[in-house]
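Below: the structure, in structure tokens.
A short reminder: the numbers here are calculations on the coordinates, not readings from a lab. Please read all numbers here as calculations on a predicted model, not as lab measurements. Here the Cβ positions follow ideal geometry from the backbone for every residue, glycine too, while neighbour counts run over all protein chains shown.
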Amino acid sequence: PDQLPEKLRDALETAMEQGRGASVLTRGKEPVALFTFIHDDVRPGVGKLIDDLFNSQVSIEVISGDHQRSVETFSQSLGLDKRSVHGDMKPEDKVKWVMGRSKTHITMMVGDGFNDAAAMAAADVGVAVGSGESTNLDAADILITGENPSVLSDLVKLSRRTRFVLFQNLAFSVLVTAVLVWSVLSGFNDNIVIGVLVHELSVIVVIFNGARLAGDLGLWNLLTGLFKNLYVDTIASFKQLFQNLFLTKESSTP
């Protein structure tokens with residue numbers, strides 16, 4: 001700003017105070033015009049996304065390369081506190097910020113541009129939104145190609161449900177194993193057939209419990225696929241059994 005003519009510098013300061021973006025047109029190295037614009041490129045549904053994340057106890061921070069005052073004004077229009085807004089950040093600054101936050105928090109970096117790629121790679125979870133750039137694809141763990149931002153809150157909810165189901169399955173598996181070991185050591189049950197049957201049934205319970213994460217359709221697909229495979233394997237086993245019996249009879253015929 002100090003290199004701009006006084007008239008353009010005053011216009012730039014006014015634009016920044018109003019939270020507007022600004023671009024300088026130069027001829028060679030000489031600034032000749034200043035263009036200001038309003039940050040109004042908010043994706044539909046962002047307000048609901050922010051509410052959902054807050055309700056899920058997720059802290060939201062904005063890191064941007066735009067001017068601090070512009071980013072503050074834009075973020076406050078979305079209901080974000082200016083203390084959670086960080087402007088004037090270069091790509092390397094974003095990386096340092098994410099790495100510092102990752103020391104004490106689980107971080108998810110969401111970006112839609114080339115300048116966000118390094119920060120996405122540094123975060124615990126990197127999410128690229130609406131971009132098929134190879135750099136973003138390499139840096140991100142997840143790619144959201146649609147225009148619906150609520151996918152992010154669904155992603156957070158699914159990850160928490162997955163963790164809960166994982167703990168359920170681990171606890172159930174350990175409990176079943178402990179009961180089986182106790183039953184053998186105490187002499188309550190030493191029948192290996194019953195032990196194997198209980199163990200296999202517990203595995204099926206774990207599989208079905210995990211399939212709930214895919215919804216009713218996922219559970220239905222699992223059941224139909226399971227019974228289909230059982231049917232195919234059973235038919236194949238009986239065919240092999242009959243073939244072996246037939247060959248045995250032929251070989252024993254004088």
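For the chain, modelled as a GNM with alpha-carbon contacts under 10 angstrom, which of Ala178, Ala123, Ala214 fluctuates the most?
Sorting by GNM fluctuation, first place goes to Ala178.
Determine which lysines satisfy two conditions relative to Lys29: a Cα distance under 18 Å, and not lying fewer than 8 residues away in the same chain.
Lys7
Where both residues lie in the stretch 1-151, what percent of DSSP beta bridges are antiparallel, nearest 5?
That works out to approximately 45 percent antiparallel.
Would you compute, from DSSP H runs of 4+ residues alone, the mean residue ellipticity of the chain at 222 nm, taking -39500 (n - 2.57) per run and dividing by the full residue count, rounded to the nearest 500? Walk me through the numbers on the way to the answer.
On the way: 9 runs with 148 residues, N = 254.
-19500 deg cm²/dmol, from helical runs alone.
Output the direction-averaged projected area (hull surface divided by four) of the convex hull of the alpha-carbon atoms of the chain, in nm².
Projected area, direction-averaged: 25.1 nm².
In the chain, which whole DSSP H runs stretch at least 27 Å along their own axis (Cα) and average 1.0 or higher on the Kyte-Doolittle scale?
TM-like helix candidates: 151-185, 192-211.
Pick from Ile204, Ile235, Ile142 the residue whose mean-square fluctuation is largest in a GNM of the chain, springs joining Cα atoms under 10 Å.
Highest fluctuation among the options: Ile235.
If each of Leu143 and Arg27 carries a label point 7 Å out from its Cα toward its Cβ, how far apart are those two points in nm?
Label at Leu143, label at Arg27, 4.4 nm between them.
Based on the mean of other Cβ atoms within 10 Å per residue, sort peptides 164-177, 181-194 so the most packed one is first.
164-177, 181-194
Over the chain, what is the percentage of antiparallel beta bridges among all DSSP beta bridges, to the nearest 5?
Expressed as a percentage, antiparallel bridges in the chain total about 45.
To make sure I understand the rule: partners must be lysines, Cα under 29 Å from the Cα of Lys157, and not fewer than 8 residues away in the same chain. Which ones qualify?
Straight-line reach from Lys157, under 29 Å: Lys48, Lys82, Lys94, Lys96, Lys103.
At a Förster distance of 45 Å, what's the computed FRET efficiency of Asn189 paired with Leu53, Cβ-Cβ distance as r, to 0.05? Spell out each step's value before the answer.
Numbers: r = 50 Å, r/R0 = 1.11.
FRET efficiency, Asn189 to Leu53: 0.35.
With viscosity set to 1.567 mPa s at 4 °C, what whole-number translational diffusion coefficient in µm²/s follows for the stretch 154-252 from Stokes-Einstein and a Kirkwood radius over Cα pairs?
Translational D for this selection: 77 µm²/s.
Please report, in whole Å, how far the alpha carbons of the stretch 46-149 spread along each principal axis, starting with the longest.
Here the spans come out as 32, 28, 27 Å, largest first.
Pairs of alpha-carbon atoms within less than 8 angstrom and 6+ residues apart define the contacts here; what relative contact order does the chain have, in percent?
10
When all C-alpha to C-alpha distances in the stretch 1-51 are sorted into bins of 5 Å, what percent of pairs does each bin hold, rounded to whole numbers?
5, 18, 23, 16, 12, 9, 7, 7, 4, 0
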